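Chemist: My questions will all concern the structure given below.
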Amino acid sequence: MPRKVLLLTLLCLHVFAPGVDARAAGSKDLKRAGAVVSKLKRLEEAAASRAPGALRKAASKVYPGLFSTVSKLKDSDLKTDLSTAVALYDSAARDAGGRARLDCSRELRESYSRLCREAAASVDDGRADLLAAKARLHTRFAEAELLHARGVRDEATLETLKRIRAERSTDIALAREALRALKELTGTPADSDKLEEVGLILASLPRGQVYTLLRNAFDASRDALCWQSRTLPSRALVVNVNSYASPDPLRILDTRDDDADRAALSNRRAALKFIRRAEEAIENQNRGR
């Protein structure tokens, strides 16, 4: 099992300014963001109705267009929360009707852990309920960011913004944990535990630039480990003197040792590139740019 990542609360770290303030967005961006929020609210209504297939039907009317619309927004906390809500509602719609049992110990951030405990009481689609609840949380964040960008300064909006900034602090702490685990990979089968740890962290991060870079590093590291593991049976193969025809696992895959080594090396180099870029992005975010 991976090393336990400490559960992070909203107030465990200092609050810092968002990486890119939504107020800097142009009117076109704000209009596009407002349209996304409206569609997310319709998905929220469908999820809340609990009618069989309601969320899936509602999602079929707005996807994949929502992904395209959000991708056109300028980088900001607003875009991060909208991207996260869009991705989570899509996953909730795909998972609707499933019976996967929730394991709230795998939720590494306090806000998600609380939502998980609430969803665990559901007698039906626990996982879909949790995904929809997370999406609803990020939609609320996006609504507050949009209102603030439009000049609203009421108490509720400012309080939500304070919470968002605290969540961004949690994002950085989790991202640094992911970086630590990725840097500690040694290219051995034991690294599967560290990859599992990174996978849990990725599930707890919003869908922003840092998430994308860490996800790419994770995928490349996983592929490198996969290629390297394919060479181990071949190199450790003991051939019975009475049977020189013992099969080489790599020959069965039509892959030679050097091909697998090159593939593993290429993926490790790609992983290191994404790790460096993620580290830079995390520090930029921490400085508030």
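The values are calculated or read from the model by the stated rules, or taken from the named source; none is laboratory data. From a predicted model like this one, the values you see are computed outputs, not experimental measurements. Cβ coordinates were reconstructed from backbone atoms using ideal geometry, including for glycine residues, and neighbour counts include every protein chain displayed.
Chemist: Go through (1) surrounded by fewer than 17 Cβ atoms within 10 Å (Cβ to Cβ); (2) among the hydroxyl-bearing types (Ser, Thr, Tyr); (3) touching a residue at least 12 places away in the same chain (Cβ under 8 Å) and name the single condition SER68 misses.
Modeler: (3)
Chemist: Of the residues that make up the range 77-97, is at least one farther than 23 Å from GLU45 by Cα and more than 16 Å from the chain's Cα centre (by Cα)?
Modeler: So far as the range 77-97 goes, no, none of its residues is farther than 23 Å from GLU45 by Cα and more than 16 Å from the chain's Cα centre (by Cα).
Chemist: Report, by residue number, each residue of the range 116-126 that is at pLDDT 90 or above and buried (at least 21 other Cβ atoms within 10 Å of the Cβ).
Modeler: Answer for the range 116-126, where residues must be at pLDDT 90 or above and buried (at least 21 other Cβ atoms within 10 Å of the Cβ): just CYS116.
Chemist: Pairs, please: C-beta under 6 Å, at least 6 apart or cross-chain, first residue in contact (Cβ under 8 Å) with a residue 24 or more places away in the chain and basic (Lys, Arg) and in the range 268-281, second surrounded by 14 or more Cβ atoms within 10 Å (Cβ to Cβ) and in a helix (DSSP H, G or I)?
Modeler: Close Cβ pairs (under 6 Å, with a partner that is surrounded by 14 or more Cβ atoms within 10 Å (Cβ to Cβ) and in a helix (DSSP H, G or I)) amount to ARG268/ALA224; ARG277/LEU213.
Chemist: Return the only residue of SER60, SER83 being surrounded by fewer than 12 Cβ atoms within 10 Å (Cβ to Cβ), polar (S, T, N, Q) and either in contact (Cβ under 8 Å) with a residue 24 or more places away in the chain or over 30 Å from GLY26 (Cβ atoms) (or both).
Modeler: One residue alone meets the criteria, SER60.
Chemist: Give the residue that is surrounded by the fewest Cβ atoms within 10 Å (Cβ to Cβ), with candidates limited to residues of the range 168-187 that are in a loop (DSSP other than H, G, I, E, B) and touching a Leu at 6+ places or on another chain (Cβ under 8 Å).
Modeler: It comes out as GLY187.
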